[in-house]
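The values are calculated or read from the model by the stated rules, or taken from the named source; none is laboratory data. Because the structure is a prediction, the values reported are computed rather than measured. Here the Cβ is made from the backbone with ideal geometry for all residues, glycine too, and neighbour counts use every protein chain on show. Surface areas here come from the heavy atoms of the whole protein model, side chains and all, with no ligands, DNA or RNA. Shrake-Rupley method; radii C 1.70, N 1.55, O 1.52, S 1.80 Å.
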Amino acid sequence: CVLGRIYLYEGQYEIAEHYLRRALGLNPNDSDILMQIASCFVYLGYVTEAEKLYHNVLDMNPLHSGSYLHIAALIAFESGQYQKCIALGANATTPWIDFPVIMAAAYYQQGDLANMKKSWQSFLKDFQNKIVKGEQPDEARALQWIINVNPYRRKTNMMPFWESIGGKKI
């Protein structure tokens, strides 16, 4: 699973998929591994398969379903289910610094610009504190960071939001 994630973030998608599928075969009952694979599958473009993994984990481990809401929100977002993403994300706790961007993009897709801006500002605050270590956040730099750290293999439903924030077509 670790090798799959490394190759994914290196942009070596076929190798990443190989290792992720191998990890899935070796660890079909490990909830944490399955959730990591599910999130990676979203980036690889296998959203339906990611959703099935997510539901398998909920069936195996229903007591910890709240721990995985951020992954469910990502899956819903990339499935085009923006309202569902917003509902799931409202209750999610996550270590992902860029999770507010997922929420901002979902709000953008729903036409809720007030909550989009609120979520984007939340991300910028975390970006300032955790990434640029107190420097005033430059929105263009923050946006480029988001684009760079999210290893999408193909197009993503994030693109319209990214283009809106950046003021240009990406």
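Values for this structure:
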item: Identity of the residue in the stretch 30-56, in a helix (DSSP H, G or I) and open to solvent by 40 Å² or more (accessible area, probe 1.4 Å), that ends up nearest to residue 74 (Cα to Cα); result: 51
item: Pick from the stretch 113-156, criterion in a helix (DSSP H, G or I) and β-branched (Val, Ile, Thr), ranking: surrounded by the most Cβ atoms within 10 Å (Cβ to Cβ); result: 146
item: Cβ-Cβ under 8 Å pairs, at least 6 apart or on other chains, the stretch 80-102 side of a type in the set (Gly, Ala, Ser), far side part of a loop (DSSP other than H, G, I, E, B); result: 80/157
item: Positions within the stretch 62-82 being open to solvent by 40 Å² or more (accessible area, probe 1.4 Å) and part of a loop (DSSP other than H, G, I, E, B), in sequence order; result: 79, 81
item: Identity of the residue in the stretch 12-29, of a type in the set (A, V, I, L, M, F, W, C) and closer than 20 Å to residue 153 by Cα, that ends up surrounded by the fewest Cβ atoms within 10 Å (Cβ to Cβ); result: 15
